[in-house]
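The values are calculated or read from the model by the stated rules, or taken from the named source; none is laboratory data. What you are looking at is a predicted structure, and each value in this text was computed from that prediction instead of being measured. Every residue, glycine as well, gets a Cβ built from its backbone with ideal geometry; the counts of neighbours run over all protein chains shown. Each accessible area value is taken on the protein alone, full model and side chains, heavy atoms only, with ligands, DNA and RNA left out. Shrake-Rupley method; radii C 1.70, N 1.55, O 1.52, S 1.80 Å.
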Amino acid sequence: MNPFATALPALLLVLAPAAQGPAPDASALLGSWRSQDEDQELLEFRAGGVVRVDRTTLRYRTQGSRLTLLAQGGSIQGTWRVSEPHLTVVLQTPDGEMRTGRYRRIGAAPGPAEEVRDAGGGETRGRADDSTLGAGALHEGPVTPARAGRLAFGLPKGWSVARREGGNLLLNPGLKADDTLDALLVVLSGPLAPAERGTAIEALLRARLPDVAGELAGQEIEMDAAGARVAGFARAEGRGAEARTTGRTSSGKRVTVWIGAAQDGDHYAAVLAVVVQGREAAFLPGARRILHSLTFAPADATADAGLAGLEFGNSTFGSGSSLTTVYAFGADGSVRRRTMFSSSIGGTDSTATGTFTRRGDTLVLEIGDETIEARLELDAGLPVALRIGAVRYRRT
């Protein structure tokens, strides 16, 4: 199976344009609000992007009058408007229906936000939000460790994982919602076909260029595969290769296409960057830095570790809301998190994928830009529950 064909269409980043006109002051949301409907749902917006929906803690963000509620691996889109002492929230349900909730203020803004737990109640460790950094200096300074399947690498400061599909990652190189989409950056990885094992990395990359060109064509980006220059180089761990060529978008913009690749036995990794011409200095050094920092974990580090096919779930309920989170583990070192959230004015049913490693009864999950530490509860050596922070996920 061609990994470019399966990964690239699912990893396109769409950054919404900024709302027009003067933005309302989001601090007006802070405080406690009681639903005017029969369910008497309670909302409490806190500083730091935290909202309590009855007993469930979520994250939220605003952009002008737009409101996004963030549950694990998914989001609910809508709008907000405050006309003291009333709050109106309109959210889109998973089936596309728009649902309106009306609330009345019952309390002023609280103090500093508590430490946020994940949408299932467990503690998570994520990277700081460096989205305010300019793109021009993103290749300088320290890096943030990141993982994808057997890969480990460093993300330049300000870069983050925008989306994860198994061992493939879409990166956001510090772009904000009102920035133009000047770069598309993707990290791809997976096993080599038996016929490809032992082939020099330069030859492997050259052979894959038509695949890349075909997939970019599906995204309305024309790439000059025939004109690509391929060169090999020495990395700290083994050989690497890079290819560089030009292209054009359907709107006529000229772009530079750069692909870096590395391999380790039966596994490969690639970094793909499509950058608007004239902006290469802002993004390509960071892409090269990722390539040079790539390391491959031993194959047994992502083995199923006795978890293949197992699922662990937790549910919480409020007067008008419910949240269920289920973690499912695969034999290839993958983990899938399904989050089902519902409230009187909206809900979501979403899935996020990532990878895991196990050391004894400790698991480290990499899902999106989250690094989650979990502990297995064992009975006679068999997993019966998963703990993330103070929350217990029972085996289902």
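Summary of values
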item: Failed item, numbered, when Ser315 is tested on (1) closer than 20 Å to Val51 by Cβ; (2) at pLDDT below 85; (3) open to solvent by 20 Å² or more (accessible area, probe 1.4 Å); result: (2)
item: Single match in Ala308, Ala270, Ala225 (criterion: open to solvent by less than 50 Å² (accessible area, probe 1.4 Å) and within 22 Å of the chain's Cα centre (by Cα)); result: Ala270
item: Yes/no for Asp349 being more than 23 Å from Ile76 (Cβ to Cβ), in contact (Cβ under 8 Å) with a residue 12 or more places away in the chain and either touching a strand residue (DSSP E or B) at 6+ places or on another chain (Cβ under 6 Å) or not basic (Lys, Arg) (or both); result: no
item: Options Val276, Val271; residue that is of a type in the set (A, V, I, L, M), closer than 21 Å to Gly174 by Cβ and in contact with a helix residue (DSSP H, G or I) (Cβ under 7 Å, 6 or more places away or on another chain); result: Val271
item: Residues being open to solvent by 40 Å² or more (accessible area, probe 1.4 Å) and on the phi > 0 side of the Ramachandran plot - total across the stretch 175-211; result: 1
item: Flag if Glu202 is within 24 Å of the chain's Cα centre (by Cα) and among the charged types (D, E, K, R); result: no
item: Strands (runs of 3 or more DSSP E) wholly inside the stretch 173-262 that include at least 1 residues being at pLDDT below 90 and farther than 24 Å from Pro285 by Cβ; result: 183-191
item: Filtered residues of the stretch 273-296 (kept if surrounded by fewer than 24 Cβ atoms within 10 Å (Cβ to Cβ) and either touching a His at 6+ places or on another chain (Cβ under 7 Å) or on the phi > 0 side of the Ramachandran plot (or both)); result: Gly278, Pro285, Arg289, Phe296
item: Answer residue from the stretch 318-342, given it is assigned to a strand (DSSP E or B) and open to solvent by 20 Å² or more (accessible area, probe 1.4 Å) and is modelled with the highest pLDDT among those; result: Val326
